[in-house]
1. According to the Kirkwood expression over distinct Cα-Cα pairs, how big is the hydrodynamic radius of the stretch 75-131, in Å?
2. Sorted from fewest to most neighbouring beta carbons within 10 Å, what does the list 121, 55, 74 look like?
3. Take every Cα pair under 8 Å in the stretch 1-60 that's 6+ residues apart, average their separations, divide by the length, and report that relative contact order as a whole percent.
4. Please check: in the Gaussian network model of the chain (C-alpha springs, under 10 Å), which one of 111, 34, 84 has the largest mean-square fluctuation.
5. Calculate how steeply helix 84-93 sits against the longest principal axis of the alpha-carbon atoms of the chain, using the helix alpha-carbon long axis, and give the answer as 0 to 90 degrees to the nearest 10.
6. What is the spin-label model distance, in nm, from residue 85 to residue 25 if the labels are put 7 Å beyond Cα along the C-beta direction?
7. What residue among 49, 120, 95 has the largest mean-square fluctuation in a Gaussian network model of the chain, using Cα springs under 10 Å?
8. Report P(r) for the stretch 1-60: all Cα-Cα distances, bin width 5 Å, range 0 to the bin holding the largest distance, values in whole percent.
């Protein structure tokens, strides 16, 4: 059996800028770094549970691709919170760009979507999906 998610990796253009965002703005803990090979650095960011983020940086400084909304691939990373509005207000204080302001979603959940410094889409969510329909492909 495959277990729960261990980590999610995101390539960033500027490691220091991204570490400051995830540490200082999002409030996560920097767990450490590793350099698997010359010109490639990974910084691990703890998210408050067993899962963590890996920030990848390549010395070439190449910027991650901008994906269209309909392209197949990772859509966003969601973080559980107790207060969507409170966290959103704190993020606004840091001039974080929101794509969806705090709103109610189907199933009694509250969500908001915003971008990290490289434009990666992040979500904060309160509640859980409790009205899932059966799916048998």
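1. Working: mean 1/r = 0.0876 Å⁻¹.
This gives a value of 11.4 Å.
2. On the way: 121 17, 55 22, 74 12.
Ascending Cβ contact count within 10 Å gives the list 74, 121, 55.
3. Numbers: 96 pairs, mean separation 23.5, N = 60.
Relative contact order of the stretch 1-60: 39 percent.
4. Most flexible of the set in this elastic network: 34.
5. 40
6. 2.3
7. 49
8. Percent of Cα pairs in each bin: 4, 19, 29, 24, 14, 7, 3, 1.
Throughout, read-outs are computed from the coordinates displayed, never taken from laboratory work. Just so it is clear, the structure is predicted and the values come from calculations on it, not from any experiment. Reconstructed Cβ throughout: ideal geometry from the backbone, glycine too, with neighbour counts over all protein chains shown.
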